[in-house]
Amino acid sequence: MLSKSKFTRGMNCPKSLWLYVNKKEERLVDNATMAIFSRGSNIGLLAQQYFPDGKMAVLEDYPGYESAKRTQDFINQGIETIYEATFIYDNTLVAVDILVKENGEWNMYEVKSTNSVKSQHIIDVAVQYYVVKGSGFPLKNAHVMHLNRDYVRKGALDIRKLFTIDNGMIQDEIEPIQAQIAKDIKRLSALEKDTAEPIIEMGNQCTSPYTCDFYQYCNSLLPVTEVEKILLSSTPYIMESELKTFVNSVQYPLCHLDFETIMPAIPMFDESRPYQQIPFQYSLHIQQTRNGEITHEYYLAENNPNFDPRRAFIEKLIEQTKNAKTIFVYHILFERSRILEMMRDFPEYAEDLGLIVEKLVDLIIPFKKKYYRTETMGGSSSIKNVLPALHPEFSYSALEISNGMEASNSFLGLYYCEDEETIAKTRENLLKYCHLDTLAMVKIFEVLESV
Ligand code: SF4
């Protein structure tokens, strides 16, 4: 039997459905995807508070015949709010997130952890609508309920404002494709029983909307092509006058600054919105004079979910950068946007934070504008490529945490971790990672200055 998730999987890629049914042992779910799933289920539970006092139809690990029977019993008993209401029709099983009787009419609500309706949600809701209606149930309308990007937390979560419900747009999209859904169910039901593995080329569907859990399997089947080894030159190509103008514009004391952020779907702190980036760590290398001593400072917030990291972050940052004349960041859009958000959310610090913004200079400029390039940079201006091209002895790959996403997920994981050893080790890894980002900037600028 098909389920909603098998159906949407098959619509994204028929081979993925076939593998899921016939070669499940090849499935590999990465940590980032696991985090998305667990975020989705937490948001699903919160959304139930929007329609409180409902009955849960699924008491087993997965929805099945028992939950479908329970749903029917609830309806017969006059229950008007049912969570995970399960229906079966046309060899397909769906569990509706929330089913509610409103003003005598039944509506279904599909909860999504995004902050807008996405194109992939249409198929998802359309198949549920098809099954529920097809089973003979008098469903009026289907809706998507998602996080409200404009909600600003102030005190306890306001569930009615945290979520927003589409205004009939989904209904208009799913009605016209009901006949097509019936055909797709037939096609995918036949495909999952096929004995031969479908032949599908890898493409966009492998990484969008999520990275496919059979990615490694499919990738391993690709023919191995002999790549001719080309020795890339590390000789720099330099636009000297442009580079000198950039270097001479830098004033000491000079700071090298890098932020790390978390992006909680549900706002954890007052004055924050769904998916807002909350800075929790920075690294700062400070040089008083050219060729002078370099000192290192940092901030890493407490891993306590009741502690908003931003106020202490701001105060320490203002104090530690107040004497700087130039503050280097790498890819200015990120740090500048975070500072502007903190100016909005903490207006009492806006003036001092504004001074920091005025001093920001983007160290990516000489590499983006090709004032300095080597073949070993591979045409990239990312710090992850520039650093090893200039200083092969430094590498991110040796670190346990080696990119911003890992840093973010690691810190979020600490909020609910009780093992002291894991907490200490993770904090140490976070410090090492962020430290390397600003040390990299120091080393990169040394090379530019030496030209
Ligand atoms: S990796 Fe790509 S081609 Fe392979 S099953 Fe997944 S989506 Fe399909």
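Could we say that K384 is basic (K, R), in contact (Cβ under 8 Å) with a residue 40 or more places away in the chain and in the same structural domain as F334 (by TED's automatic domain parsing) here?
Here the answer is no, as K384 does not meet what is asked.
Out of curiosity, is V100 in contact with a strand residue (DSSP E or B) (Cβ under 6 Å, 6 or more places away or on another chain), within 30 Å of A407 (Cβ to Cβ) and either in contact (Cβ under 8 Å) with a residue 12 or more places away in the chain or within 16 Å of the ligand (Cβ to nearest atom) (or both)?
Here the answer is no, as V100 does not meet what is asked.
Looking for something farther than 30 Å from T321 by Cβ, hydroxyl-bearing (S, T, Y) and within 16 Å of the ligand (Cβ to nearest atom) - is there at least one such residue anywhere in segment 148-161?
No, segment 148-161 contains no residue that is farther than 30 Å from T321 by Cβ, hydroxyl-bearing (S, T, Y) and within 16 Å of the ligand (Cβ to nearest atom).
Quick check on my filter: what residues within segment 165-206 are more than 10 Å from the ligand (Cβ to nearest atom), assigned to a loop (DSSP other than H, G, I, E, B), loosely packed, with under 11 Cβ neighbours inside 10 Å and within 30 Å of the chain's Cα centre (by Cα)?
The one that is more than 10 Å from the ligand (Cβ to nearest atom), assigned to a loop (DSSP other than H, G, I, E, B), loosely packed, with under 11 Cβ neighbours inside 10 Å and within 30 Å of the chain's Cα centre (by Cα): N167.
I'd like the full set of residues that are surrounded by 21 or more Cβ atoms within 10 Å (Cβ to Cβ) and within 16 Å of H256 (Cα to Cα), limited to segment 271-298.
Matches in segment 271-298: Q281, Y282, S283, L284, H285, I286, Q287.
For segment 234-260, which residues satisfy the criterion of being among the hydroxyl-bearing types (S, T, Y) and in contact with a helix residue (DSSP H, G or I) (Cβ under 8 Å, 6 or more places away or on another chain)?
S234, T235
Return the only residue of E406, E420 being over 22 Å from F334 (Cβ atoms) and not β-branched (V, I, T).
On inspection, the qualifying residue turns out to be E420.
Residues being of a type outside the set (V, I, T), surrounded by 11 or more Cβ atoms within 10 Å (Cβ to Cβ) and over 13 Å from the mean Cα position of the chain (by Cα): count how many of those fall in segment 411-424.
Going through segment 411-424 one residue at a time, the tally reaches 5.
Restricting attention to segment 306-321, which residues are closer than 16 Å to P347 by Cα and surrounded by fewer than 15 Cβ atoms within 10 Å (Cβ to Cβ)?
Residues satisfying the conditions are A312, E315.
Given the conditions (1) surrounded by fewer than 17 Cβ atoms within 10 Å (Cβ to Cβ); (2) under 24 Å from Y372 (Cβ atoms), which single one is not true for F246?
(1)
Would you confirm whether any residue within segment 378-388 is of a type in the set (S, T, Y), more than 27 Å from the chain's Cα centre (by Cα) and over 20 Å from C434 (Cβ atoms)?
no
Could you please tell me which pairs satisfy a Cβ distance under 8 Å, a separation of 6+ or placement on different chains, a first residue in segment 183-199 that is touching a residue at least 24 places away in the same chain (Cβ under 8 Å), and a second residue that is small (G, A, S)?
D184/G10; L188/G10; L191/G10; E192/G10
Taking segment 433-451 as the region of interest, how many residues are crowded, with 17+ Cβ neighbours inside 10 Å and over 14 Å from H256 (Cβ atoms)?
Selection size over segment 433-451: 1.
List every residue pair whose Cβ atoms sit under 7 Å apart, with the two residues 6 or more apart in sequence or on different chains, where the first one lies in segment 14-29 and is over 16 Å from I200 (Cα atoms) and the second, anywhere, is of a type outside the set (F, W, Y) and near the ligand (Cβ under 8 Å from one of its atoms).
E26/L19; R27/D213; L28/D213; V29/D213
Being modelled with pLDDT under 95 and hydrophobic (A, V, I, L, M, F, W, C) is the filter here, so list the residues in segment 412-433 that pass it.
If the condition is that a residue be modelled with pLDDT under 95 and hydrophobic (A, V, I, L, M, F, W, C), then L412, L414, C417 are the ones that fit.
The values are calculated or read from the model by the stated rules, or taken from the named source; none is laboratory data. Given the structure is predicted, the values throughout are model-derived calculations rather than measurements. Cβ atoms come from the backbone with ideal geometry, glycine included; neighbour counts cover every protein chain shown.
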